[in-house]
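**Q** Have a look at the structure that comes next, please.
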């Protein structure tokens, strides 16, 4: 009799466990999918996150961030300093501190003039607990946060975000000036001549109807509805527009639904990330081919660059190839732009650089592309399948960030290497960098001086 009762109890416990697991999983899925059941689903999600967070604590959350060591004998700066006044705003992950930091480096002597080490945990505590931030797992804390594309403002403050985080501005002492947590901001940050801020965001909820996206997409993380965002100098949103809606309203809906599934990433049939907006470059002057107020957009997933006019919601020009998975559009003069061509292609086993990455120049007047300092880039084996930055300076020098391998390089106009830098921490490992920026214009140099004057008595 006793044994029968014991077996009965065992079966009952198993049955109840199965029922609980199914119910628990359903609640978590509903919370992630945006179908809320109040505090019940939120509580289920919090419980589900406990094992992940515990593992992070036990193993050291930053311990897995070291990247492939492609140049084992190199680290820091190698080469000759710049002969003219210029600075590097270096965003890097410090493997010893296990935190993201930004360093302002004088390129005439490679000395660190200033560093920022923001307390991301404290900033996150101020976030309104909207669902998209509550569910964000990546880059949400000090030990994983990599500052992305920091921008030094005129008054010496630092603008930045992470990979889909709030947009923040801090002073020279790393104290918070403002934080915009209305969107998940990502990729490049630029300012126009009026000081307004242009950056990318993920819209929540997405602007496309759920029935057009598909249930599976929603349940497994949602459609990444990228938007262009313009903010005031103090961080308030002025203009926001979904790139998906720009496509639809300009007769290009097929670019969303007609590019096929990214089976290597989601295995879903409909691609959850068909846009992947990675750069916005505002136009500050009227020209033969554009108007002041236009913006250039780099759409990685489409291998496409757009010239978009927000005032009329018009796509003025679109360029498709010869670049693949490109980044970083810059305006060179009245008829030319530069594009960092990752030259990464989708192969059966994932995307990889086909040969080497390059810097392309497109001449609107001639309607042709040319590769800048191509022999030097081939010789130095520049390749980054994702991310990457480039800037052609007025004197013909070239700055490149090979983000995938945490290497930055400076080429003289004749193609020779002036210096290189690799983010090797004191523990000997190489860690990520987050879209650094070279400062050389009169305005940028003045911003550096304003920072030095205003930083006061910060604890270094």
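**Q** Of all residues in the range 86-113 being under 24 Å from the mean Cα position of the chain (by Cα) and outside any strand (DSSP E or B), which is surrounded by the most Cβ atoms within 10 Å (Cβ to Cβ)?
**A** The selected residue is 95.
**Q** Can you give me the number of residues within the range 351-366 that are under 20 Å from the mean Cα position of the chain (by Cα) and within 11 Å of residue 385 (Cα to Cα)?
**A** Residues flagged as under 20 Å from the mean Cα position of the chain (by Cα) and within 11 Å of residue 385 (Cα to Cα) within the range 351-366 amount to 4.
**Q** Pairs please, first residue from the range 224-235 and closer than 18 Å to residue 154 by Cα and not assigned by TED's automatic domain parsing to the domain that holds residue 271, second anywhere and crowded, with 17+ Cβ neighbours inside 10 Å and at pLDDT 95 or above, Cβ atoms under 8 Å, 6+ apart in sequence or on different chains.
**A** none
**Q** Here is a further query. Residue 391 - would you say it is part of a helix (DSSP H, G or I), in contact (Cβ under 8 Å) with a residue 24 or more places away in the chain and either in contact with a strand residue (DSSP E or B) (Cβ under 9 Å, 6 or more places away or on another chain) or within 27 Å of residue 192 (Cβ to Cβ) (or both)?
**A** No.
**Q** Right, next: Does residue 393 meet the test of being assigned by TED's automatic domain parsing to the domain that holds residue 82, at pLDDT 95 or above and buried (at least 19 other Cβ atoms within 10 Å of the Cβ)?
**A** no
**Q** Answer yes or no: is there a residue in the range 68-75 that is closer than 16 Å to residue 162 by Cα and part of a loop (DSSP other than H, G, I, E, B).
**A** For the range 68-75, residues closer than 16 Å to residue 162 by Cα and part of a loop (DSSP other than H, G, I, E, B): absent.
**Q** For the structure I just gave you, tell me whether residue 386 is in contact with a helix residue (DSSP H, G or I) (Cβ under 7 Å, 6 or more places away or on another chain) and either in contact (Cβ under 8 Å) with a residue 12 or more places away in the chain or closer than 30 Å to residue 422 by Cα (or both).
**A** Yes, satisfied.
**Q** Would you mind finding the one in 410, 431 that is more than 18 Å from residue 68 (Cβ to Cβ) and at pLDDT 95 or above?
**A** 410
**Q** Take the residues in the range 400-429 that are in contact (Cβ under 8 Å) with a residue 40 or more places away in the chain and under 19 Å from residue 106 (Cβ atoms), then tell me which one is farthest from the chain's Cα centre (by Cα).
**A** The residue in question is 418.
**Q** Looking only at helices (runs of 4 or more DSSP H) that lie completely in the range 207-319, which have at least 2 residues being modelled with pLDDT of 95 or more?
**A** Where helices (runs of 4 or more DSSP H) fall fully within the range 207-319 and carry at least 2 residues being modelled with pLDDT of 95 or more, they are 243-249.
**Q** Looking only at the range 342-387, count every residue that is in a strand (DSSP E or B) and either buried (at least 19 other Cβ atoms within 10 Å of the Cβ) or touching a strand residue (DSSP E or B) at 6+ places or on another chain (Cβ under 7 Å) (or both) and tell me the total.
**A** 15
**Q** Looking only at residues in the range 320-336 that are outside any strand (DSSP E or B) and either at positive phi or in contact with a strand residue (DSSP E or B) (Cβ under 9 Å, 6 or more places away or on another chain) (or both), which one is surrounded by the most Cβ atoms within 10 Å (Cβ to Cβ)?
**A** 326
**Q** Does the range 140-176 hold any residues that are within 25 Å of residue 391 (Cα to Cα) and in a loop (DSSP other than H, G, I, E, B), and which are they?
**A** 146, 147, 153, 154, 155, 156, 157, 162, 163, 164
**Q** So which residues in the range 438-454 are within 20 Å of residue 410 (Cα to Cα) and at pLDDT below 95?
**A** none
**Q** Moving on. Of the conditions (1) surrounded by 22 or more Cβ atoms within 10 Å (Cβ to Cβ); (2) not in a loop (DSSP other than H, G, I, E, B), residue 450 fails just one. Which one is it?
**A** (1)
**Q** Okay, next question. Testing residue 339 on (1) in a loop (DSSP other than H, G, I, E, B); (2) touching a strand residue (DSSP E or B) at 6+ places or on another chain (Cβ under 9 Å); (3) at pLDDT 95 or above, one condition comes back false. Which one is that?
**A** Unmet for residue 339, out of (1) in a loop (DSSP other than H, G, I, E, B); (2) touching a strand residue (DSSP E or B) at 6+ places or on another chain (Cβ under 9 Å); (3) at pLDDT 95 or above: (1).
**Q** So, of the residues in the range 413-428 that are buried (at least 16 other Cβ atoms within 10 Å of the Cβ) and either in a loop (DSSP other than H, G, I, E, B) or in contact with a helix residue (DSSP H, G or I) (Cβ under 7 Å, 6 or more places away or on another chain) (or both), which turns out to be modelled with the lowest pLDDT?
**A** This residue is 425.
The values are calculated or read from the model by the stated rules, or taken from the named source; none is laboratory data. In this text the structure is predicted, and so the values were computed from the model without any measurement. Neighbour counts run over all protein chains shown; Cβ positions are idealised from the backbone, glycine included.
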